[in-house]
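*Asks:* Sharing a structure with you now.
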Amino acid sequence: MIKELGYERWCHLNNDHILITEDLTINFGGLRAVDGVDFNINKGEVVGLIGPNGSGKTTFFNLITGIYKPDRGRILFAGENIIGEKPHQITRRGIARTFQNSRLFADISALDNVILGMYTKQKTSLLDTIFRYKKVKTELQEGAKRAMELLAFFSEELKKNCLRPVADLPHTDRKRVEICRALASNPKLLLLDEPTGGMSPEETEELMQDIKKIKEQNEEVTIIVIEHDMSVIERIADRVYVFNYGKKIAEGPFSVISKDIKVIEAYLGEETEDVET
Amino acid sequence: MKRKEIFEIIPFIFIETLFFTIAYLFLIFEKTYSILGILSGIILFSIFINKIPKLNFFLAKCFSEYKKLAIIYGIIFIIALPILLRNYPYQIFILFNAGLFALLALGLNWQIGSTNIVNFATGASFATGAYTTALLAIHLGWSFWILLPIGGLAAAGIGFILGLPCMKTKTYYLSLVTIAFTLIVYLLLNNLSWTGGPDGIADIPFPKIGNYSFDSTIRLLGLEIPFQANFYYLTVFLVALTFIVDRRLRYSRIGLAWNAIRNDEVAAECQGIDVTYSKVLSFSLNFFFDGIAGTLFAFCMSHISPESFTFNVSITVVAIVIVGGMDNAVGVILGALLMTLIPEKFQVFQNYRMLIFGFIILMMLLLRPKGLFPQTVRKYY
């Protein structure tokens with residue numbers, strides 16, 4: 001039965017859950033933005049998160065990264081409870097993310113942005129900076145070198161423009177810089193919030209290949225991706241979670257999900273509903 | 001040396017010499033008309049250079065290629081300046097004052113420029129350094145050289161204590177807290193008995209190196225240089241030191257983190273930056289260097305009173321950073337020179353000083369929000 005449904009794609013992975021949430025709930029006033037979500041993801045898996053606008057996908061990311069505190073529920077990252085920790089502590093544990101409307105540091109260069117992604121890996125203190133500057137310099141130069149490699153990985157053009165302020169770069173490049181910044185911290189878990197938002201079909205295709213390449217280079221990295229483009233989800237996600245009104249309404253491989261009656265209803269509206277044209 | 005090199009060095013040395021001559025003339029002229037003449041000359045000259053792109057490009061190339069030479073020439077000029085000005089002790093004193101403001105502004109630059117915390121507490125931190133060290137010197141007789149770091153540390157401690165609750169507020173509210181703090185410190189200094197009330201503290205001993213007191217005239221090769229030059233050199237040394245610290249901070253993960261916070265606090269936090277820690281660090285470092293400037297001020301003036309630490313000091317320093325350039329140390333130092341020399345030269349308008357400052361800040365924010373010298377891009381190789 002399981003094999004028929006295509007579950008073998010993820011069942012062969014061991015039960016090494018890197019992130020588990022149980023009964024995760026948050027209210028904003030009267031609105032229950034995320035409602036009792038049980039979620040789990042194995043090491044090395046790519047999971048897609050889909051759902052109509054306002055279904056709580058981004059809020060779910062904000063809960064994992066500590067920007068919001070849940071009202072109820074548990075979040076276990078690598079077996080440890082991370083609820084109550086501040087975002088920077090959670091980032092230090094190895095979770096990196098991008099934002100829906102790329103939140104880059106706009107008035108400094110793309111290179112600086114990527115180097116900032118390595119903040120958790122850099123060790124020099126204030127005293128080093130003032131009295132032992134050589135150490136800081138080597139660390140920064142190593143960082144700059146790695147940042148250049150990361151930028152070149154996405155596009156040579158971007159590498160050439162790496163000293164320009166991010167605000168001057170085109171939209172696509174900004175999205176790429178943000179993914180570079182997230183990758184720079186060598187995360188165990190990477191959260192991508194609509195990475196292809198606002199991109200043309202060709203650029204989307206390119207980015208998808210890049211994400212696949214990231215996976216090929218580092219088998220260990222686990223990715224959760226929010227995406228509206230179903231063709232992208234179909235091709236990169238091992239498994240899909242579907243959200244609607246803050247609730248998880250379905251989970252499984254894309255082939256199964258795409259036939260799920262609840263999912264179709266969520267996207268297209270219920271059949272019984274009067275549709276005004 | 002190749003002919004081409006000589007061809008490039010000569011015009012660049014000529015320009016720099018011209019610049020220094022103008023600066024020198026600007027310092028010694030006292031009539032409003034001659035000063036206005038010089039100022040309009042500078043403006044016309046810069047417009048002339050900007051109008052001819054070839055010349056502009058050529059000069060930029062010369063300066064970047066012979067950067068070391070340009071810096072060495074500049075240092076020689078700065079060291080020689082008191083000798084040139086030996087008949088104008090008051091001008092040396094004004095330069096000392098400009099140096100003090102440069103110190104304060106370099107510290108504040110880590111707040112307004114790098115981290116985008118608009119901090120008006122400079123007056124308070126300046127006062128903390130000055131009063132702490134003045135009281136210690138008078139009652140315990142400690143020497144200036146020990147008190148210099150102590151003044152800084154005392155102010156940094158206050159900055160840390162003020163910084164923690166300040167982090168609960170943001171933007172305008174944070175500015176309001178710092179304004180209130182400056183006013184409270186001013187009122188306390190005026191009303192407490194052990195700070196001397198409105199009379200302040202007098203007879204603070206001058207700094208000494210061995211038997212050489214800083215209020216004695218320098219005699220060099222038969223030239224007599226007024227004692228103000230001692231303070232001038234001391235200030236130049238401290239500004240240079242702060243400048244180096246500024247550079248190191250800027251090219252470090254600390255400076256990068258500050259810039260990240262300036263742009264987007266949530267995104268910064270998601271890169272693993274402890275935003276509260278970084279902001280409090282910026283506060284404390286700013287207060288540390290303000291404290292050092294305060295100590296320098298107390299010992300060089302030998303008399304301090306609350307009138308030197310009013311809210312006006314805070315406004316002036318904020319204006320310097322805004323005019324000079326956000327997050328650009330060179331710009332901030334030039335801004336400090338401009339903002340202290342120009343009001344001094346136009347004594348006629350002295351009564352309208354704050355009005356003019358307000359106008360300048362407004363115009364700068366409208367026309368050049370990043371200052372005369374905006375932040376430069378970090379290069380790592």
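*Asks:* Distance between Cα centroids, region A:222-269 to region B:20-45: provide it in whole Å.
*Replies:* 72 Å
*Asks:* Let me ask you something else. In deg cm²/dmol, rounded to 500, what helix-only [θ] at 222 nm does chain B give when every DSSP H run of at least 4 residues adds -39500 (n - 2.57) and the total is split over its residues?
*Replies:* Only helices count here, giving -24500 deg cm²/dmol.
*Asks:* Where the centre of each part is set by its Cα atoms, how far does region A:42-57 sit from region B:128-179, in angstrom?
*Replies:* 50 Å
*Asks:* Given H placed 1.01 Å from N in the peptide plane, which residues other than close sequence neighbours of B:Gly325 have an amide H under 5 Å from its amide H?
*Replies:* B:Leu372, B:Phe373
*Asks:* Mind running the shape call on region B:1-84? Use the C-alpha gyration tensor, a ≥ b ≥ c as the square roots of the eigenvalues: rounded below 1.5 for a/c, prolate if a/b tops b/c, oblate otherwise.
*Replies:* oblate
*Asks:* Give me the net charge for the shell around B:Trp110: Cβ to Cβ below 15 angstrom, other residues only, Lys and Arg +1, Asp and Glu -1.
*Replies:* +3
*Asks:* Just want to confirm a number: the relative contact order over chain B, from Cα pairs under 8 angstrom separated by 6+ residues, in percent.
*Replies:* Averaging sequence separation for qualifying contacts and normalising by length gives 27 percent for chain B.
*Asks:* Can you give me the pair-distance distribution of the protein assembly as shown, C-alpha pairs, 20 Å bins, whole percents?
*Replies:* All Cα pairs, binned at 20 Å, distribute as 16, 41, 28, 13, 2, 0 percent.
*Asks:* Are there trypsin sites (Lys or Arg not before Pro) in region B:1-79 that DSSP marks as loop and that have at most 16 other Cβ atoms within 10 Å, and which are they?
*Replies:* Taking region B:1-79 and a limit of 16 other Cβ atoms within 10 Å, the loop trypsin sites (Lys or Arg not before Pro) found are B:Lys2, B:Lys31.
*Asks:* Follow-up. What does the charge add up to near B:Ile225, with Lys and Arg as +1, Asp and Glu as -1, over the other residues with Cβ less than 11 Å from its Cβ?
*Replies:* Values: positive: B:Arg86, B:Arg219; negative: B:Glu224.
Spelling it out: positives minus negatives among the neighbours equals +1.
*Asks:* Given DSSP loops and a limit of at most 13 other Cβ atoms within 10 Å, what is the longest stretch of chain A that contains no such GluC sites (Glu not before Pro)?
*Replies:* Here the longest segment lacking exposed loop sites spans A:5-218.
*Asks:* Taking other Cβ within 10 Å of each residue's Cβ, how do B:Trp145, B:Trp258 sort, fewest first?
*Replies:* In increasing order of surrounding Cβ atoms, one gets B:Trp145, B:Trp258.
*Asks:* Based on the alpha-carbon set only, what is the convex hull volume of chain A divided per residue, in Å³? It would help to have the intermediate numbers written out before the result.
*Replies:* Working: hull volume 45.8 nm³, N = 277.
Cα-based convex hull of chain A, divided per residue, equals 165 Å³.
*Asks:* Now, a different point. Pairs A:Lys121/A:Lys248; B:Lys31/B:Lys67; A:Lys145/A:Lys213; A:Lys247/B:Lys170: which exceed 30 Å Cα-Cα?
*Replies:* Long pairs (Cα-Cα over 30 Å): A:Lys121/A:Lys248; B:Lys31/B:Lys67; A:Lys247/B:Lys170.
*Asks:* Then there's this: So what is the calculated 222 nm ellipticity per residue for chain A, using -39500 (n - 2.57) for each DSSP H run with n of 4 or more, over all residues, to the nearest 500 deg cm²/dmol? Working shown, then result.
*Replies:* Numbers: 12 runs with 110 residues, N = 277.
Estimated from H runs of four or more residues: -11500 deg cm²/dmol.
*Asks:* For region A:109-185, what's the radius of gyration and Dmax over Cα atoms, in angstrom?
*Replies:* When restricted to the Cα atoms of region A:109-185, Rg and Dmax are 13.1, 41 Å.
*Asks:* Cα-based Rg of region B:89-367 per 2.2 N^0.38 Å, rounded to two decimals?
*Replies:* Compactness ratio reported: 1.00.
*Asks:* For region B:46-122 and region A:128-162, what is the separation of their Cα centres, given in Å?
*Replies:* 30 Å
*Asks:* Another one. Below 21 Å, Cα to Cα, which lysines can B:Lys61 reach? Residues fewer than 8 away in the same chain don't count.
*Replies:* B:Lys2, B:Lys4, B:Lys51, B:Lys379
*Asks:* Which whole-number percentage describes the relative contact order of region B:1-156, with Cα contacts under 8 Å and a sequence gap of 6 or more?
*Replies:* 16 percent
*Asks:* Right, here's the next one. Counting only other residues whose beta carbon sits under 9 Å from that of A:Thr172, what net charge do I get with K and R as +1, D and E as -1? Provide the component values of the computation, followed by the final result.
*Replies:* On the way: positive: A:Arg174, A:Lys175, A:Arg176; negative: A:Asp173, A:Glu203, A:Glu206.
Spelling it out: positives minus negatives among the neighbours equals 0.
*Asks:* Once the convex hull of the alpha carbons of region A:32-125 is built, what does its volume come to per residue, in cubic angstrom?
*Replies:* 147 Å³
Just so you know, all these numbers are worked out from the coordinates, no wet-lab data involved. For clarity, every value in this text was computed on a predicted model and none was experimentally measured. Cβ: placed from backbone, ideal geometry, glycine included. Neighbour counts: every protein chain shown.
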